[in-house]
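The values are calculated or read from the model by the stated rules, or taken from the named source; none is laboratory data. All values derive from a computational prediction rather than experimental measurement. Ideal geometry is used to build each Cβ from the backbone, glycine not excepted, and the neighbour counts take in all protein chains shown. Heavy atoms of the whole protein, side chains included, go into the accessibility calculation; ligands, DNA and RNA do not. Shrake-Rupley method; radii C 1.70, N 1.55, O 1.52, S 1.80 Å.
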Amino acid sequence: MGRNVRFILPLAPTVTLNKLEQFADPSQNMFISKFQWGSGELVMATSNQHSSMIANLLSKNGSQIEIWQVLPPYKLFEECTLCLTTIGTNTAELGYLGVPMVVVLPTHILQVFKGAAGGLMGLLLMVPGHIGDMAAYLMNFMKIKTSGFVSWPNRWAKEEIIPELIGRIEPKDVAVKVVELLQSPSTLKNMRAALLRVSNEQKQKLKLNETELQDGPAIAIARFVDDLEMAGIQIMKLEQMAEVFCC
């Protein structure tokens, strides 16, 4: 099945190719060997490839991930059968577009994020060494356990319409879920319909008018996300954790 699947990674404007290469290099990313994860090698794109494609990330097993640099990436997202993402407003954007997704939040190193509390607990998190790390681990563990759904579409629907994989997730766990979905077109079709339904409900609540919708997806989605935040729906601390765990 792998030969029939095309992998594309839109490069975030805050991430450079050099930084991406470091994440995939065992000599610069200690978590690759610690958790037995796969590594990769960055190869620059050739002139006969798509103009937005700037490089390829090649795994040791021969898988190829195309690295694209395109902003905004909404047209690219719309062409995807399925997206792998982490928590954040990106789940709202994909939901707006009706793109099926799997949301992944690995929690292998909970102790590295120490911005989940203020006051006395916040001070305790900042204590150097084992005590601060343990406090951070316990605080973040409890926050995840009590947060409910972590993606916007599931929080809007108050039920799981897209899979959320949270915990000590292994790459194989993600691959199994992706293969399961790709082999079930009806499931993806139902997921797309559910995403469009809950997103349309949110548009109505936020009174996103027809003029803004006609301005195109980039402008409409930006307004959509801005209105979510202006409406008082705050981005969870877990989203900041995702920047650490899923970089």
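Some observations on this one:
- Using the Karplus relation 6.51 cos²θ - 1.76 cosθ + 1.60 with θ = phi - 60°, the per-residue 3J(HN,Hα) values for region 17-25 come to 4, 4, 5, 4, 5, 5, 4, 8, 9 Hz, with x marking Gly and Pro.
- Taken about its Cα centre, region 1-88 carries a charge dipole of roughly 140 debye when the Cβ of each Lys and Arg holds +1 and the Cβ of each Asp and Glu holds -1.
- In Hz, Karplus ³J(HN,Hα) per residue of region 162-175 (6.51, -1.76, 1.60; θ = phi - 60°; x = Gly, Pro): 10, x, 10, 9, 10, x, 7, 6, 9, x, 5, 4, 5, 4
- Distances between placed amide hydrogens fall under 5 Å for Ala45 paired with Ala55, Asn56, all partners being 5 or more residues away or on another chain.
- Amide H within-cut-off set for Thr86, under 5 Å, with H built and near neighbours excluded: Val104
- Members of Lys75/Lys205; Lys177/Lys205; Lys19/Lys158; Lys75/Lys177; Lys19/Lys75; Lys177/Lys203 lying beyond 27 Å, as alpha-carbon distances in this model show: Lys177/Lys205; Lys19/Lys158; Lys177/Lys203
- The listed residues Thr187, Thr14 rank as Thr14, Thr187 when sorted by accessible area, largest first, using a 1.4 Å probe.
- The string of couplings for region 82-95 from the Karplus curve (6.51, -1.76, 1.60, θ = phi - 60°) is 7, 10, 9, 8, 10, 6, x, 5, 4, 5, 5, 5, 5, x Hz, one whole number per residue in order, with x for Gly and Pro.
- Nearest-10 value in Å² for the accessible area of Thr81, using the 1.4 Å probe: 80 Å²
- Among Leu182, Trp152, Ile166 the positive-end extreme of the charge dipole of region 145-191 (Cβ point charges): Trp152
- For Val70, distant residues with modelled amide H under 5 Å away: Leu11
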